[in-house]
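Participant: So that we are looking at the same thing, I have put the structure below in structure tokens.
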Amino acid sequence: MATTPAAEPKTNRIGLTVVDYKGGKTTLCAGCGHNAISERIIEAMYEMGVKPERVIKLSGIGCSSKSPAYFMNRSHSFNSVHGRMPSVATGAMLANRNLVALGVSGDGDTASIGIGQFVHLMRRNLPVIYIIEDNGVYGLTKGQFSATADLGSKLKSGVINDLPPIDTCAMAIELGATFVGRSFSGDKKQLSAMLKAAIAHHGTVMLDVVSPCVTFNDHEGSTKSYKYVKDHEESLQEISFVPHFEEIDVEYDAGSTVNVTMHDGSHLQLRKLEEDYDPTDRIRAITRLTEAHDKGEVLTGLFYVDTKAPTFIEMLNMVDEPLATLPESLTRPSREALEAAMEELR
Amino acid sequence: MATTDVARQDAGGQLGRKRIVNDMSIQVATVNGSGSQSSNTVLLRAIFQMGVPVSGKNLFPSNIAGLPTWYTIRANKDGYIGRKKEIDFLVAMNPETAQDDVMSLDAGASVLYDAPLALDRLRNDLIFYSVPYDKLVAAVCPEAKLRKLVKNMVYVGVVAQLLTIEMAEVEKAIRKQFSKKVKAANLNLAAAQAGFDYAKTNLEKRGAFYIERLNETAGKIIIDGNSAAALGCMFAGCTVVTWYPITPSSSLVETMIEYMKEHRIGPDGKATFAIVQAEDELAAIGMVIGAGWAGARSMTATAGPGISLMSEFSGLAYYAEVPGVIWDIQRVGPSTGLPTRTSQGDILSTAFLSHGDTKHIMLIPCSVSECFSMASEAFNLAEQFQTLVFVMSDLDLGMNNWMSDPFEYPTVPIKRGKVLHQADLEKLGGFARYKDLDGDGVGYRTLPGTDHPGAAYFTRGSGHNDRSGYSERPDDYENNMERLNRKFETARSFVPRPEIRKATSTGGEKVKIGIIAYGTSHWGIIESRDQLRNEYGIETDYLRLRAYPFTREVHEFIEQHERTYVVEQNRDAQMLSLLKLDLKPELITRLRSIAHINGLPLDARSVTDELSNMEGK
């Protein structure tokens, strides 16, 4: 029987196909923003040529935290407890500094039960990509407000939120995260560029991705619905990313575009949509976020970046190889060392 | 009353002539933050250097400065180094507690006091020595602001003279205490000498107590349990330490930081470890679990309140099968009050820490030497069984100074458990994370970063099948829980076996009474058994638990005795309750509880009194 040879599947720079980055079938609701984010993660990892075996996926509890099962099956994954993924990620990175840590959390998992660990993760500048899949409600427990819900936002039942939201981006910037941005699950181009830049970044990446909950928070009166976000989104920049293994072929105008050279030599190009916005100015970033709340804007873009700050792993001054696999000869001091310690105690 | 008359007579006459050598307890009552710790350590070391077995216990308030604190030194030729209930020699330095301190003494005890306190007016059945500390200290310490600190070294000299402790050993101990600070050493030495000289010229020794040279401490070391644990963990190959400060566990990690800096930083200046102060105990245990999952030998140290906070994560580690070591330096209960007092109150809550069906391996050291050796055992067990191992120390062990034989270098290699590497996976093609291939309940795991397309698995809590796929199927859950139980049963034969001491002088007659105890209660028990035999003719066999789950020997021991007293430092007989769950029903009625819950280390006399009473003697 004659067969036509199938076209060679497209591969990335390490010879893997996009299928090598796929996960299990999603069990989230059809149309859930989180599924779109999973897709963008798959693309970004594939396009950046990150070896899946180097990646660890970590999450807490909630709809968002289920999603690591739906991408990158060839990566180890840990679905931990509610609000405490940051500590698990920290421990894992201490054990093996060569891993690429991707944490997926939600607005409840981060801004309520997990706020304690969240703030300390941010201030340590641990190398981790921390994504909040932010829909303003608790999905798995059927639609209660979370702490990122906007003032005046309305539940399906008609209940109005009367507390101000926690802006996780403003917090992250203030606390020391070194790559902070907000995107929208429906903005394929922007989210994709930000994720690729996140992979290239050295330090804590905090991405708040507004990701509407089609079941509990996508109605009239919600400020986290597809419609509301589309109507109110204000982008700070047009973001494009050129990885270190590709040549920059687009000229840019220094007046209208900020070029950020990443730690690995990649380039992040931010074509300014707001003339005076400087993403290395922490104070300005926080001011602009406050303004956005006042104006009712869903502000997206890269708010803050610092490519020079030392990471937590660097500050600990550990050996280059993973602590996890150090041989006994390096982790158990000699007999003489014990004898010396005993002598001091005699 | 007649007894008072006898005591009065003793204090003035008979006791003064009787010599009691190398058997006494000295209590120093001072104010927290007054520098008395150095003086007490010097006194302890001087006795130790004279070859006399000794222990020191600090009974301190939850306070940095200003509240009363007591330090008890016990010297005992027979090697009894548990707390002694009776005080033989009181050094009363704290005006606030002096009166109570004096009134609580047994007749015949000696009291050394600061002259202005005029304590000798309080009782006439004690021996009083008065010392004008301020005058003495002013003469040797020109700098007024240092006098408060140096004053305490004066009593060291006085005590040395009155108890015949050699000044040469006091000097040696002072030089060790202030090893790098020559000026401070000289100043303190002058203060001690001034006290010694004053006592020699002005005080007439009337007490019965003497320290004389023995040869029982040669080669031995003095160390606290937390430092011993720190050393043990370092030699166990621990690589990740996370912690949140909490009394009485903080010094374990703080000492470990010092040891690790000295021994675990390579010539290139790079560390083979990471020590991280977490934001709370929830994060500390989370980091331990993350690190253990990714392959590090990880640990934290905490106390009861921290254990409570670690509850949820401990259950996750049990279900997800992640190794880690947790040191619980047990202390008295929640919030303010007695957090600086010792207890064995976390036994039951730790055994089943978390929600759902969970149970944990616990190791229970009784000595500094076991703090050292059990560290290696704990890490090996944690990785062998892919689970948390709790080491249940306590404040008495962790923060007090204990005499010990020097620690032996670990003979068992570091065992990393069932971990599949790239080469294994190339041969096998893949693996099922939670499949019980060997019948011991323990599956094979891979570490993140293993370079093989089949290496990854998904880690979750309760719902997974043996290939680590998400599952809510009843049979998957049930099978998994049964396997976890099998694993726990396997652990029974691997945890440290109990130490059993049989009665020696029964002439072959079967001993009817057993004692079960654990941890620091051991030191009171060994002394109490002698008291019971010598004073009441009660012979006892003794089993010291060293681990949970219980091994076969524990059942056999209870079976062999008509009655077994379970002695523990908690109110509700927590270990006895655990035993009840494990024992055949007919054996349960053989257990009796002796509880000690006053926050002070267990003393032999309390056990002897209660046990003899329960035996109708």
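Here's the yes/no breakdown for (1) within 19 Å of A:Cys169 (Cα to Cα); (2) in contact with a His (Cβ under 9 Å, 6 or more places away or on another chain); (3) surrounded by 14 or more Cβ atoms within 10 Å (Cβ to Cβ):
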residue: A:Glu238; (1), (2), (3): yes, no, yes
residue: A:Pro243; (1), (2), (3): no, yes, yes
residue: A:Asn259; (1), (2), (3): no, yes, no
residue: A:His267; (1), (2), (3): no, yes, yes
residue: A:Glu275; (1), (2), (3): no, no, no
residue: A:Leu299; (1), (2), (3): yes, yes, yes
residue: A:Leu316; (1), (2), (3): no, no, yes
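Participant: State whether one or more residues within the range B:471-478 are closer than 30 Å to A:His82 by Cβ and surrounded by 21 or more Cβ atoms within 10 Å (Cβ to Cβ).
Facilitator: no
Participant: What is the residue count in the range A:163-182 for residues that are buried (at least 24 other Cβ atoms within 10 Å of the Cβ) and out of contact with any Lys or Arg (no Cβ under 9 Å at 6 or more places or on another chain)?
Facilitator: Of the residues in that region, 5 qualify.
Participant: Spot the failing condition for B:Pro448; the list is (1) assigned to a loop (DSSP other than H, G, I, E, B); (2) more than 8 Å from every other protein chain (Cβ to nearest Cβ), and only one is missed.
Facilitator: (2)
Participant: Kindly list the number of the only condition in (1) free of Cβ contacts under 8 Å to residues at least 60 places away in the same chain; (2) touching a Lys or Arg at 6+ places or on another chain (Cβ under 9 Å) that fails for A:Asn135.
Facilitator: (1)
Participant: Condition test on B:Leu149, is it assigned by TED's automatic domain parsing to the domain that holds B:Asp23, crowded, with 17+ Cβ neighbours inside 10 Å and assigned to a helix (DSSP H, G or I)? Before the answer, list the steps.
Facilitator: On the way: assigned by TED's automatic domain parsing to the domain that holds B:Asp23: yes; crowded, with 17+ Cβ neighbours inside 10 Å: yes; assigned to a helix (DSSP H, G or I): yes.
Judged against the criteria, B:Leu149 is a match.
Participant: Still on this structure, please answer the following. Select from the range B:453-466 the residues that are facing chain A (nearest Cβ under 7 Å) and more than 19 Å from A:Leu102 (Cα to Cα) and list them in ascending order.
Facilitator: Once the filter is applied, which keeps residues that are facing chain A (nearest Cβ under 7 Å) and more than 19 Å from A:Leu102 (Cα to Cα), the range B:453-466 yields nothing.
Participant: Just the residues that are closer than 30 Å to B:His421 by Cα and touching a strand residue (DSSP E or B) at 6+ places or on another chain (Cβ under 7 Å), please, taken from the range A:296-318. Before the answer, list the steps.
Facilitator: First, pick out the residues of the range A:296-318 that are closer than 30 Å to B:His421 by Cα: A:311-318.
Scanning the range A:296-318 gives A:Leu316, A:Asn317, A:Met318.
Participant: What tally of residues in the range B:489-540 results from selecting those that are aromatic (Phe, Trp, Tyr) and surrounded by fewer than 18 Cβ atoms within 10 Å (Cβ to Cβ)?
Facilitator: Within the range B:489-540, the subset aromatic (Phe, Trp, Tyr) is B:494, B:518, B:523, B:536.
Narrowing the set further to residues that are surrounded by fewer than 18 Cβ atoms within 10 Å (Cβ to Cβ) leaves B:494, B:536.
Counting residues in the range B:489-540 that are aromatic (Phe, Trp, Tyr) and surrounded by fewer than 18 Cβ atoms within 10 Å (Cβ to Cβ) gives 2.
Each row is one residue, and each column tells you yes or no for (1) surrounded by fewer than 21 Cβ atoms within 10 Å (Cβ to Cβ); (2) β-branched (Val, Ile, Thr); (3) in contact with a helix residue (DSSP H, G or I) (Cβ under 7 Å, 6 or more places away or on another chain).
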| position | (1), (2), (3) |
| --- | --- |
| B:Val21 | yes, yes, no |
| B:Ala29 | no, no, yes |
| B:Gly33 | yes, no, no |
| B:Ser36 | no, no, yes |
| B:Asn40 | no, no, no |
| B:Val52 | no, yes, no |
| B:Asp101 | no, no, no |
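Participant: Among the residues of the range A:38-55, is there at least one that is within 14 Å of chain B (Cβ to nearest Cβ), within 16 Å of the chain's Cα centre (by Cα) and free of Cβ contacts under 8 Å to residues at least 60 places away in the same chain?
Facilitator: yes
Participant: If a residue must be over 10 Å from B:Thr300 (Cβ atoms) and at the interface with chain A (Cβ under 8 Å from one of its Cβ atoms), how many such residues does the range B:238-261 contain?
Facilitator: So the first thing to find is which residues in the range B:238-261 are over 10 Å from B:Thr300 (Cβ atoms), and the list is B:238-239, B:245-248, B:250-251, B:254-261.
Remaining after also requiring at the interface with chain A (Cβ under 8 Å from one of its Cβ atoms): B:238-239, B:259.
Qualifying residue count for the region: 3.
Participant: Then there is this: Tell me which residues, restricted to the range B:471-525, are without any contact (Cβ under 8 Å) to a residue 12 or more places away in the chain and within 32 Å of the chain's Cα centre (by Cα).
Facilitator: Scanning the range B:471-525 gives a single hit, B:Thr504.
Participant: Looking for something surrounded by fewer than 19 Cβ atoms within 10 Å (Cβ to Cβ), at pLDDT 95 or above and assigned to a strand (DSSP E or B) - is there at least one such residue anywhere in the range B:123-131?
Facilitator: Checked against the condition, which is being surrounded by fewer than 19 Cβ atoms within 10 Å (Cβ to Cβ), at pLDDT 95 or above and assigned to a strand (DSSP E or B), the range B:123-131 yields at least one hit.
Participant: Is it the case that some residue within the range A:73-83 is of a type outside the set (Asp, Glu), touching a residue at least 40 places away in the same chain (Cβ under 8 Å) and either at the interface with chain B (Cβ under 7 Å from one of its Cβ atoms) or in contact with a helix residue (DSSP H, G or I) (Cβ under 8 Å, 6 or more places away or on another chain) (or both)?
Facilitator: Yes: the range A:73-83 contains one or more residues that are of a type outside the set (Asp, Glu), touching a residue at least 40 places away in the same chain (Cβ under 8 Å) and either at the interface with chain B (Cβ under 7 Å from one of its Cβ atoms) or in contact with a helix residue (DSSP H, G or I) (Cβ under 8 Å, 6 or more places away or on another chain) (or both).
Participant: In this structure, does B:Ala229 turn out to be away from every other protein chain (no Cβ under 11 Å), part of a strand (DSSP E or B), in contact (Cβ under 8 Å) with a residue 12 or more places away in the chain and under 25 Å from the mean Cα position of the chain (by Cα)? Before the answer, list the steps.
Facilitator: Values: away from every other protein chain (no Cβ under 11 Å): yes; part of a strand (DSSP E or B): no; in contact (Cβ under 8 Å) with a residue 12 or more places away in the chain: yes; under 25 Å from the mean Cα position of the chain (by Cα): yes.
Spelling it out, it is not the case that B:Ala229 is away from every other protein chain (no Cβ under 11 Å), part of a strand (DSSP E or B), in contact (Cβ under 8 Å) with a residue 12 or more places away in the chain and under 25 Å from the mean Cα position of the chain (by Cα).
Participant: Of the conditions (1) within 11 Å of another protein chain (Cβ to nearest Cβ); (2) among the aliphatic types (A, V, I, L, M); (3) over 17 Å from A:Leu323 (Cβ atoms); (4) crowded, with 23+ Cβ neighbours inside 10 Å, B:Met287 clears all except one; give me its number.
Facilitator: So the condition that B:Met287 fails would be (3).
The values are calculated or read from the model by the stated rules, or taken from the named source; none is laboratory data. Predicted model, so just to flag it, every value in this text is computed and none were measured. Please note: Cβ atoms are built from the backbone with ideal geometry, for glycine as well, and neighbour counts cover all protein chains shown.
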